[in-house]
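A short worksheet on the structure shown next.
The values are calculated or read from the model by the stated rules, or taken from the named source; none is laboratory data. Note that the structure is a prediction, hence the values are computed from the model and not measured. Cβ sites come from the backbone with ideal geometry, for glycine too, and all protein chains shown count toward neighbours. In case anyone asks, the SASA skips ligands and DNA or RNA and just uses the protein heavy atoms, side chains included. Shrake-Rupley method; radii C 1.70, N 1.55, O 1.52, S 1.80 Å.
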Amino acid sequence: MIFRRLLPVILAFFLLPGCSQKEIVSGDFTLVSPLPRNVAAGGIGEDPFILSRSTVISFSDVSLRDAAGLLAEGLEEATGLSLRISDNRPRKNFILLSLDSAPDTGLEGFQQEESYRIGCDAGGITVSGGSVKGVLHGIQTLCKALPVVERPEACRFALPAATVYDYPEFPYRAFMLDCGRHFFSVSYIKELIDILALHNLNYFHWHLTEDQGWRLEIKKYPKLTEIGSSRPGTRDPQTDKLDGIPVSGFYTQEEAREIVRYAAGRGITVIPEIDLPGHTQAALAAYPELGCTGGPYEVATRYGVLDDVLCVGKDEVMDFVKEVLTEVMDIFPSEYIHLGGDECPKVRWEKCPDCQRKIRELGLKASGSKTREELLQSWFSSQLEAFLAEHGRRMICWNDVLCDWGDKVVGEPSKQTVIAGWMRTASTEIAVREGYDAILCPVDYCYFSNAAVNRITGIESIRRVYDLPVRPEGLSEAGQRHILGVEACIWTERVSETDSLEWRLLPRLSTLSELQWSDPAQHDIGAYLPRLRHMADIYGSRGWAWKTDIAEAWEQE
Ligand code: ACM
Ligand code: ZN
């Protein structure tokens with residue numbers, strides 16, 4: 001017994017000299033991006049916490065067991081230490097995860113659920129969150145605060161005595177990936193979710209259907225993926241020549257559920273997008289009877305805005321859509337379901353007897369800039385909004401259902417619709433003024449794949465994202481509250497490889513996350529650059545293909 005008590009002392013005697021040779025490298029909570037709201041350093045002379053092989057990760061509630069596993073993985077990746085997880089917290093040398101509804105600060109926009117607090121001193125670290133999601137953000141902050149070193153095995157890692165208190169600016173912090181134009185594997189989608197979690201995002205908007213490919217298995221309509229998920233190649237926009245490179249792939253329902261579970265474990269909700277009634281040529285290729293002309297149609301090999309869309313004058317089309325959505329809701333528990341609504345030309349509807357009959361039946365009359373066909377789309381999307389609402393879900397649509405590039409109001413979606421404003425910031429402002437909740441994703445700041453944003457290189461590329469006015473000045477305070485958050489998008493017409501995806505995404509996603517999460521009063525690009533550099537080091541250590549031309553920013557410092 002005595003020997004057992006003495007054993008650690010004896011071992012320490014033999015092991016410590018080796019350890020003490022190691023260089024101590026110190027972390028820094030103020031280098032974390034997105035910047036935490038409040039970092040209070042411990043008292044002068046207060047000792048840091050030193051991570052060691054005997055540090056124990058512990059949790060106060062079983063709901064935090066998986067989070068403890070993620071923390072262990074994150075720490076091992078950063079430090080090489082493989083730490084023990086136990087529900088018994090030792091008196092010293094611990095990292096404790098706990099649930100603790102942080103007191104409401106009374107500050108505008110305070111969000112309990114995702115808030116967290118980190119208390120760090122020489123004896124241990126406690127990460128407490130308003131919910132598991134808050135704890136997960138705290139874990140990210142803890143791991144991001146650690147320095148990135150080339151030889152972790154040669155270092156001892158210290159974290160300074162400090163208290164961090166943090167919560168997000170916006171409740172909706174999303175990234176969208178278009179998997180319709182190109183398909184990305186399940187394992188890569190998981191890696192992408194890891195990237196989103198690192199940046200404190202809480203929604204992955206998964207664009208699953210396009211003219212060029214339908215990517216989600218729907219059991220009642222198997223041809224959607226049997227036929228609709230493959231195209232023989234892609235045409236050059238100038239020469240119209242087919243490149244002969246086949247593109248195919250889809251997610252089975254089981255795979256989609258696996259993604260949902262994986263994301264949920266990291267605090268991220270997956271929002272599926274089934275783009276309707278435009279961008280549906282792949283669905284029409286599978287089921288031509290759903291179109292106005294009856295086809296034949298092919299899975300699109302051209303990009304752009306295509307004329308063949310769902311015929312919303314046919315009752316069978318509404319039945320088809322509701323059946324598809326029933327399966328979608330079964331796979332995705334997300335409150336938000338995105339139903340697209342963008343870029344739906346009306347040329348087929350104008351000539352289609354079924355669509356024109358529906359317009360007459362509904363008594364739709366053109367008024368101002370709203371044509372009868374635009375109002376037919378408003379009717380269609382309102383029916384779907386009500387259908388989703390019956391199932392406790394909320395519909396998001398692109399701003400096309402409400403307003404156009406000329407900032408004209410062209411539609412009347414039901415007021416519960418959340419409008420994703422992509423046609424510059426004006427579209428979000430129009431949505432908010434019309435009384436809608438809205439998401440800011442303006443093409444000129446948030447479309448990381450588009451030439452307007454993507455051609456910008458170096459530090460200007462960061463400044464472009466950083467300059468997005470997330471609290472547009474013209475809006476009242478009540479109007480500001482209608483802005484749920486900010487989202488970046490990658491469309492994949494020209495992105496077929498993960499490297500080129502990451503090159504567009506990183507490090508802009510870090511800049512975006514500062515807008516989504518941090519206090520706008522603390523936005524300052526000069527102060528942000530060291531945090532950006534630290535993020536770039538993290539990307540490098542994970543093997544992600546970030547856009548290195550931005551490094552000029554700190555080379556000039
Ligand atoms: C979009 O960019 N068509 C939403
Ligand atoms: Zn029609």
Give just the number: which of (1) at positive phi; (2) within 16 Å of ligand 2 (Cβ to nearest atom) does Cys292 not satisfy? (1)
What number of residues in region 459-493 are out of contact with any helix residue (DSSP H, G or I) (no Cβ under 8 Å at 6 or more places or on another chain), outside any helix (DSSP H, G or I) and modelled with pLDDT under 95? 2
Would you mind stating whether Ile331 is more than 16 Å from ligand 1 (Cβ to nearest atom) and under 31 Å from the mean Cα position of the chain (by Cα)? yes
Name the single residue that is nearest to Trp206 (Cα to Cα) among those in region 331-370 being among the hydrophobic types (A, V, I, L, M, F, W, C) and open to solvent by 20 Å² or more (accessible area, probe 1.4 Å). Val347
Here the residues within region 382-396 that are of a type outside the set (D, E, K, R) and touching a strand residue (DSSP E or B) at 6+ places or on another chain (Cβ under 6 Å) are Leu384, Leu388, Met395, Ile396
Count - residues of region 298-356 that are of a type in the set (Val, Ile, Thr), within 16 Å of ligand 2 (Cβ to nearest atom) and in a loop (DSSP other than H, G, I, E, B): 2
Consider region 397-413. How many of its residues are in contact with a strand residue (DSSP E or B) (Cβ under 8 Å, 6 or more places away or on another chain) and either part of a helix (DSSP H, G or I) or surrounded by fewer than 17 Cβ atoms within 10 Å (Cβ to Cβ) (or both)? 3
Is there a residue in region 355-376 that is away from ligand 1 (no atom under 13 Å from the Cβ), touching a Cys at 6+ places or on another chain (Cβ under 8 Å), more than 30 Å from Val465 (Cα to Cα) and touching a residue at least 60 places away in the same chain (Cβ under 8 Å)? yes
Residue, surrounded by the most Cβ atoms within 10 Å (Cβ to Cβ), within region 494-511, restricted to residues that are touching a helix residue (DSSP H, G or I) at 6+ places or on another chain (Cβ under 6 Å) and not basic (Lys, Arg): Thr511
Failed condition for Gly265, given (1) within 16 Å of ligand 2 (Cβ to nearest atom); (2) in contact with a helix residue (DSSP H, G or I) (Cβ under 9 Å, 6 or more places away or on another chain); (3) open to solvent by 10 Å² or more (accessible area, probe 1.4 Å); (4) of a type outside the set (Asp, Glu): (1)
Going by the conditions given, is His199 touching an Asp or Glu at 6+ places or on another chain (Cβ under 8 Å) and modelled with pLDDT of 95 or more? no
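Yes/no per residue for (1) over 29 Å from Arg360 (Cβ atoms); (2) open to solvent by 10 Å² or more (accessible area, probe 1.4 Å); (3) not β-branched (Val, Ile, Thr):
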{"residue": "Arg215", "(1), (2), (3)": "yes, no, yes"}
{"residue": "Glu273", "(1), (2), (3)": "yes, no, yes"}
{"residue": "Glu289", "(1), (2), (3)": "no, yes, yes"}
{"residue": "Val305", "(1), (2), (3)": "no, yes, no"}
{"residue": "Leu310", "(1), (2), (3)": "no, no, yes"}
{"residue": "Lys314", "(1), (2), (3)": "no, yes, yes"}
{"residue": "Val324", "(1), (2), (3)": "no, no, no"}
For Ser248, only one of the following conditions fails: (1) open to solvent by 10 Å² or more (accessible area, probe 1.4 Å); (2) closer than 30 Å to Leu512 by Cβ; (3) within 28 Å of the chain's Cα centre (by Cα). What is its number? (2)
Quick test of your reading of the structure: Ser449 fulfils all but one of (1) within 12 Å of ligand 1 (Cβ to nearest atom); (2) part of a helix (DSSP H, G or I); (3) farther than 24 Å from Leu364 by Cβ; (4) among the hydroxyl-bearing types (Ser, Thr, Tyr). Name the failing condition by number. (2)
Over region 200-227, the set of residues out of contact with any strand residue (DSSP E or B) (no Cβ under 8 Å at 6 or more places or on another chain), in contact (Cβ under 8 Å) with a residue 12 or more places away in the chain and not in a helix (DSSP H, G or I) is Asp211, Trp214, Ile218, Lys219, Lys220, Tyr221, Ile227
